[in-house]
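Everything below concerns the one structure shown next.
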Amino acid sequence: MKFSFRFPATQASEATRAIRRRSLLLAVTLIAVLPLAWRGPSCGQDFDFHLQSWLDLARSWHEGVLYPWWAASPNFQAGEPRFVFYPPLSRVLGAALGCVLPWAWTPLAFTLLALLGAGFAFRAMAREWAGDDNAALAACLYVVNPYMLFVAYDRAAVAELLAAVWLPLLVLYGLRNKSSFLPLALTFAALWLTNAPAAVMGSYMLAIVVVVAVIRERRWALAGRAVAAVALGLSLAGFWLIPAIYEQRWVQIDQAVGPLMRVEDSFLFGFVRPAPGLSPDELFELNYHNQVLRTASWIVVALLAATFVAAGLARRRKSSVWLPLAVLSAVIAVLQFRWSAIAWHLTPKLAFLQFPWRWMLVLGMAFAFFLALALRPEPPTRRTIARRALALLLLAAAMAGVAAAHFWQPCDDEDNVAAQQATFLTSGFEGTDEYTLKGVDLDAEEGIANGDEAPPGPVTVVSSPHAGESQTAGTGQRQIAARVLIEYWRTERRAVRVTSPEAAYAVLRLIDYPAWAVTVNGVTVDRRQRSDGTMAIPISAGVNQIEVRWRMTPDEWTGVWLSFCALVVLLAWAASERRRTGETAPVQ
């Protein structure tokens, strides 16, 4: 008796094929994250930052604050305005997952959802021009392309990973023929609320593909739709975007593009040589930067080569999207080389990408789309489906193996999730350079990070408002034997009762950000900012009821009102389109 394991060459129904396509994408995504389930979270470059943000946001939710502006754990519990400047969507998703799952599982769940969302978003885009079957296959390649796994494993840049969901939708809604003004505006807003560098890339990507399409096909309506959608999208994101732009004047935001974070330090196969006199920590950071740059450069070379080969193969399909994405890919290639430095610095905000190889997030999408166009349509038989599915599953397993072997970063005793939870509840974490107040050096001798002069507890009563007073002209600082009662100490609202034998200063372990409103016995007072950035509040002899609360600044209110007005416009437009569609629908 003979047994045959060959699939019969029969056609499946469209519904069955749709289920298989979705199942294949799900299986490929599960394989891509399997090493994270097996070996645990990858403690890459941005892992600490995002996990700490999730913990801070979850605590604010438990305190009843749905949208906090302040993160309490950085600067060793003195806090920082991280949530003013960093887009909210990734931390909202991470904190929400952490509230329903063990924190140790949260990075895995986040990565799985981000990759799965990216795959389905790409499939929705590609099937508009390449057909359902090819779109599903290319979506799997988009999920497991080397840069996507490099972001997930080596960098643990989960916000950038989440931004991969929105990039294909920008192309879909920006270039397709049928009406897509509202979804384009919503997608553009979501991208800006996810990751700022990816939003800068997405903005220029949308401009390039729309301009090329308009010039090639004289479709002037595309330009009008894109401009209107960008304006509405930025307005929808105004509640975050306006404060993030305006309040940069209060912090050292330029630190985001400091040494080793500048584009000129990260061009293709660049190498930063150590300067004389570097400390061991600085030398370690330099060597690590060069190692990451070398890995990223090989990924750039591989993706550029694959993209241009796929573009050449796809040219015969004569798709209206081919030329816009081909021009975009060429621009991305040029930006990887050192001689493009002038373009990086003359183009508004482009230098804030920090690393030229970040453009691989966009190029990976272009590569997958070209491949979707280039794939030969085959009869939708079970045999064909099984053959292609097996090839993709094997490819996903190979890419996951590469990610586990070369990209996955082990967690040391201080970085693992349990250790960071413990640190979050006790001493807190280091601050972020670019969110430090202007004129404050947290690493100075008297700074929070190093100095014995920093207040050891939530409140210290001293005779002088200045940290390190003994190093300046004048008398030294002495501690006052006052009674301190902490009534409550929440993220954005704190109340302390201080009974002092003499006039003094209550030093709060809290960074003195301009948005804080301070009252003593119900009267607003002018506090002093210490050299370490913490807040010194003048008090009198006797009982002093101190209250500190976050008050929304005028720029924050402006952003909220702008987003509200944009939401009203969006809803009105949606209602108008719904009525128009209902009026033109045929009567059954």
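Among the residues of the range 497-517, count how many are closer than 28 Å to F83 by Cα, of a type in the set (A, V, I, L, M, F, W, C) and buried (at least 21 other Cβ atoms within 10 Å of the Cβ). Residues meeting the conditions: 5.
Answer yes or no as to whether R219 is surrounded by fewer than 18 Cβ atoms within 10 Å (Cβ to Cβ) and in the same structural domain as V331 (by TED's automatic domain parsing). For R219, the condition - surrounded by fewer than 18 Cβ atoms within 10 Å (Cβ to Cβ) and in the same structural domain as V331 (by TED's automatic domain parsing) - is met. Residues that are of a type in the set (K, R), closer than 20 Å to F407 by Cβ and in contact (Cβ under 8 Å) with a residue 60 or more places away in the chain occur at least once in the range 39-55.
Among the listed residues A198, A185, A138, A190, which satisfies the condition of being under 21 Å from F110 (Cα atoms), buried (at least 24 other Cβ atoms within 10 Å of the Cβ), in the same structural domain as R225 (by TED's automatic domain parsing) and not basic (K, R)?
Details: A185 fails: under 21 Å from F110 (Cα atoms); A138 fails: under 21 Å from F110 (Cα atoms); A190 fails: buried (at least 24 other Cβ atoms within 10 Å of the Cβ).
Within the list A198, A185, A138, A190, the selection yields A198.
When residues in the range 518-572 are screened for being among the basic types (K, R) and under 30 Å from G238 (Cα atoms), 2 of them pass.
When L161, L112, L137 are checked against the criterion of being at pLDDT below 95 and in a helix (DSSP H, G or I), a single residue qualifies: L137.
Here A566 qualifies as modelled with pLDDT of 90 or more and either of a type in the set (F, W, Y) or touching a helix residue (DSSP H, G or I) at 6+ places or on another chain (Cβ under 6 Å) (or both).
Per-residue answers, yes or no, for (1) within 30 Å of E434 (Cα to Cα); (2) of a type in the set (A, V, I, L, M); (3) modelled with pLDDT under 90:
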residue: F7; (1), (2), (3): no, no, yes
residue: T10; (1), (2), (3): no, no, yes
residue: S13; (1), (2), (3): no, no, yes
residue: L25; (1), (2), (3): no, yes, no
residue: I31; (1), (2), (3): no, yes, no
residue: A37; (1), (2), (3): no, yes, no
residue: C43; (1), (2), (3): yes, no, no
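The values are calculated or read from the model by the stated rules, or taken from the named source; none is laboratory data. None of the values given here were measured: they were computed from a predicted structure. Cβ sites come from the backbone with ideal geometry, for glycine too, and all protein chains shown count toward neighbours.
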